[in-house]
Amino acid sequence: MGQMIDFKRPDGGTTRGYLASAGAGRPGIVVIQEWWGLNDQICGVADRFARAGYNALAPDLYKGRVTQAPDEANHLMTGLDFPGATHQDIRGAVQHLAAQGAKVGVMGFCMGGALTVAASVHVPEVSAGVCFYGIPPADFANPANIRTPFQGHFANKDDWCTPAAADGLEQAMKAAGQSPQIYRYDADHGFFNERRGEVYDAACAQQAWDRMTAFLRTALGA
């Protein structure tokens, strides 16, 4: 359904990304990859958003590199310039979609979930954020500073983005006067990824999708 495009960054550079279009004037959603890279699964999520009525753009933060090996994925994630990804690649993607005149949200999984929090803090054009099991260090992006509608999906069996970390995010936002929608699932980290049979939970994934699309319809006016 979609295609690879080049879009402008605020610094004048360009980034590649996968764009799945729903049509002119539709709201936008930036889909942020897991630590595996911009793979077929993430492109499939963008396609699914397009079928639901959103113009979806998934920026290629690893510049063409994709892996299925956890060690290599960790190496790629560790080597990523998180401030650059947030302020340039992701903001550029948000601005590209916002140029059509509709509101734009951001969402992502794992590493992309952490970057969703970061974008919700640092990218002024973001109108809503949906984070799946990822939280950045507070000294880079403190969730207490989020001022847009925010929804989070976390796994009770997650040993990376732990239940305690999810509790901390919720408490920080509420202490700052925010009202995030936070959901917890009796599932493993990565439960939304249908390509990873060892952790995928179809029921939890569908429930999360339904909650997310209902939230985005309200936040983005779809």
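A few points about this structure:
- Scan of the stretch 97-144 for residues that are crowded, with 24+ Cβ neighbours inside 10 Å, out of contact with any Leu (no Cβ under 9 Å at 6 or more places or on another chain) and either closer than 15 Å to W160 by Cβ or among the charged types (D, E, K, R) (or both), ordered by number: F109, C110, G113, A114, F132, Y133
- Subset of the stretch 65-88 (residues that are within 16 Å of N193 (Cβ to Cβ) and small (G, A, S)): A69, A73
- Filtering V123, V130, V104 for residues that are among the β-branched types (V, I, T), under 29 Å from H75 (Cα atoms) and in contact (Cβ under 8 Å) with a residue 40 or more places away in the chain leaves a single hit, V130.
- Of all residues in the stretch 3-18, at least one satisfies being touching a strand residue (DSSP E or B) at 6+ places or on another chain (Cβ under 7 Å), crowded, with 19+ Cβ neighbours inside 10 Å and under 17 Å from M107 (Cα atoms).
- Members of the stretch 95-130 that are closer than 10 Å to I29 by Cα and among the acidic types (D, E): none
- Scanning the stretch 145-177 for residues that are farther than 22 Å from A219 by Cβ, acidic (D, E), in contact (Cβ under 8 Å) with a residue 12 or more places away in the chain and surrounded by fewer than 21 Cβ atoms within 10 Å (Cβ to Cβ) turns up just one, D159.
- Residues that are touching a residue at least 24 places away in the same chain (Cβ under 8 Å), buried (at least 17 other Cβ atoms within 10 Å of the Cβ) and not aromatic (F, W, Y) within the stretch 183-203 comprise A187, D188, H189, G190, N193, listed in sequence order.
- All positions within the stretch 22-43 that are small (G, A, S), free of Cβ contacts under 8 Å to residues at least 60 places away in the same chain and surrounded by 19 or more Cβ atoms within 10 Å (Cβ to Cβ): A22, G37
- Unmet requirement for Q68, which otherwise passes all of (1) in contact (Cβ under 8 Å) with a residue 60 or more places away in the chain; (2) farther than 23 Å from A128 by Cα: (1)
A short reminder: the numbers here are calculations on the coordinates, not readings from a lab. Because the structure is predicted, anything quoted here is derived from the model rather than measured. Positions of Cβ are backbone-derived with ideal geometry, glycine not excepted, and every protein chain shown enters the neighbour counts.
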